[in-house]
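Let me begin by presenting the structure, written as structure tokens, before commenting on it.
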Amino acid sequence: MWHKMKQSKLFTKTSKTLPKDEVSLNSQLLLKSGFIDKEIAGAYSFLPLGHRVLNKIINIIREEMNAIDGQEIMLTSLQAPATWEPTDRWDDEKMDVWFKTELKNGNQLGLAPTHEEPLTKLMKKFINSYKDLPVFAYQFQTKFRNETRAKSGILRTREFIMKDLYSFGRNQQDLDEYYERAKAAYVKIFDRLGLGKITYVTFASGGTFCKFSHEFQTLCEYGEDLIYINEEKKIAINREIFTDDIISEFGLKREDFVEKKSIEVGNIFKLGTKFSDALGLHYVAENGERFPVVMGSYGIGPARTMGTIVETCNDEKGIIWPKNIAPYHVHIISLGKEDTIAAESEKLYNLLCANNVETLWDDRPNVNPGAKFADSDLIGCPIRITVSSKNLENKQYEVKRRAGGNAEFIPQENILAFLANELK
RNA sequence: CGGGGCGUAGCGCAGUUGGUAGCGCAUCUGGUUUGGGACCAGAGGGCCGCUGGUUCGAGUCCAGUCGCCCCGACCA
């Protein structure tokens, strides 16, 4: 990953105005700051700053998936009907979000909205014996869903990257064990992304093979989900299963819960043998008997998570990125046209870059201080360092945290130590 | 998919009873500025979403259509 950027070379620009019909805060802030661009309703492009943030989110998720023995793959989006017919999900009545097209020869083709079927089919080529199990595969891959109504900026789009991991085990115990590992990994991920304190693991509707699935719901007034929280017992329940029967299973009453709006940022689900039965994914056990593989699926939407972070981490001036996913750690602001300012700024820029501090340098010569500060607040890097003649005279750098607080004046020779402590 | 709103320069908007399109921001040139989105002077930029109709004449009136946003329904 590139660690440095001069703002004069950054092709995107910030904007003072917005398309009037952009209402969601995440799209307003991300469009204004030049992180993303809207192509059509429900389809956004990621520009240099936005792409960096998205990749940082992806990398954190990747590290945690690798830590629970996930093997990264990438499946194709192009899907033939035959793969989906065994589960009856080619039918538009059953799966109403298909984008369908056809080949030159007239054969039908769909753009995958999810990947259980093709991956189950793929695994038939590699899973034969109990010795091949358990196995875990995941990908960061583009999903296409023909939503009737795209909305809420990058929170609900028709094309989006999804991290989907699938587990393949010998039996329910394999599945249950891995499910708990995945749940713990998800908790860690949202913690590292800066959403830990406001993200709840909720009980959600299950399916044929288990009573509940779990969702990771981040509290947010702009969210489209409703969850019910009991802080005492650390229980949260999705609206769709918040019924008297289920509430009583937890030994609680309706009034023991607080209703909150939230955004679904992750979902883990026990699939059981639904797909392995339908597509014929079996293994031979030690005693020679054949069994269907027991599966689970585990999803996170990195772009939706990015939008959620913007929705929850901002002030009236712009975005306040958590340090782990900020596009750059430090934003250097050079004030004044003097040669010494430019030279001293460049010295600092090179020093930080050489020490792996990701740095954006506002080196634009003819931009007024007010505009530079406003841009810096909007873009939202965690640390701003102002280089001006006033500070240079005192051999200091002026440092300000985007999250708040007053500026601090750090002796020049201490700047690396200060940043190392600040960014650890 | 139902309901509502909106399409005029890159963005925000104005456009009178129908008479041949304008303002601010942004951009370009020159100059003056430089600690919280500067100022002056000049310049470029338009299929008025699209198609059809009414009319001597349509950004404006009528019909259709496409697109965008919001609410709802839907949403492993």
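Laboratory data are not the source of any read-out in this text; all were calculated from the coordinates shown. Everything numeric here is computed off the predicted structure, so don't read it as measured data. Cβ sites come from the backbone with ideal geometry, for glycine too, and all protein chains shown count toward neighbours.
Structure above, values below:
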item	result
Cα extents of chain A along the three principal axes, largest first (Å)	80, 60, 47
Three-way shape label, region A:328-423, alpha-carbon gyration tensor, a/c 1.5	rounded
Modelled FRET efficiency - R0 30 Å, A:ASP21 with A:GLU259, Cβ distances, 0.05 increments	0.50
Share antiparallel - DSSP beta bridges, region A:328-423, percent rounded to 5	45 percent
Spatial separation of Cα centroids for region A:343-361 and region A:365-383, in angstrom	17 Å
Surrounding net charge for A:TRP361, when Lys and Arg each add one and Asp and Glu each subtract one, Cβ distance under 10 Å	+1
Links that overshoot a 29 Å alpha carbon limit, given the list A:LYS38/A:LYS323; A:LYS56/A:LYS121; A:LYS9/A:LYS337	A:LYS56/A:LYS121
Proximal charge balance of A:LYS323 [Cβ under 11 Å; K/R count +1, D/E count -1]	+3
Inter-site label distance for A:LYS390 and A:PHE126 at 7 Å from Cα along Cβ, in nm	6.0 nm
Stretch gain in nm, segment A:ASN107-A:GLU231, where the contour uses 0.36 nm per residue and the Cα spacing is subtracted	39.3 nm
Among A:22-31, A:376-385, the order from most to least packed when residues are scored by Cβ within 10 Å on average	A:376-385, A:22-31
Fully extended contour minus Cα-Cα distance, from A:GLU338 to A:HIS3, at 0.36 nm per residue	118.0 nm
Summed residue charge, Cβ within 11 Å of A:LYS395's Cβ, Lys/Arg positive, Asp/Glu negative	-3
Order by protection proxy (mean Cβ within 10 Å, highest first), peptides A:325-337, A:9-21, A:390-402	A:325-337, A:390-402, A:9-21
Of A:ASN406, A:TRP361, A:ILE385, farthest towards positive along the dipole that unit charges on Lys, Arg, Asp, Glu beta carbons give region A:328-423	A:ASN406
Spatial separation of Cα centroids for region A:128-158 and region A:269-330, in angstrom	7 Å
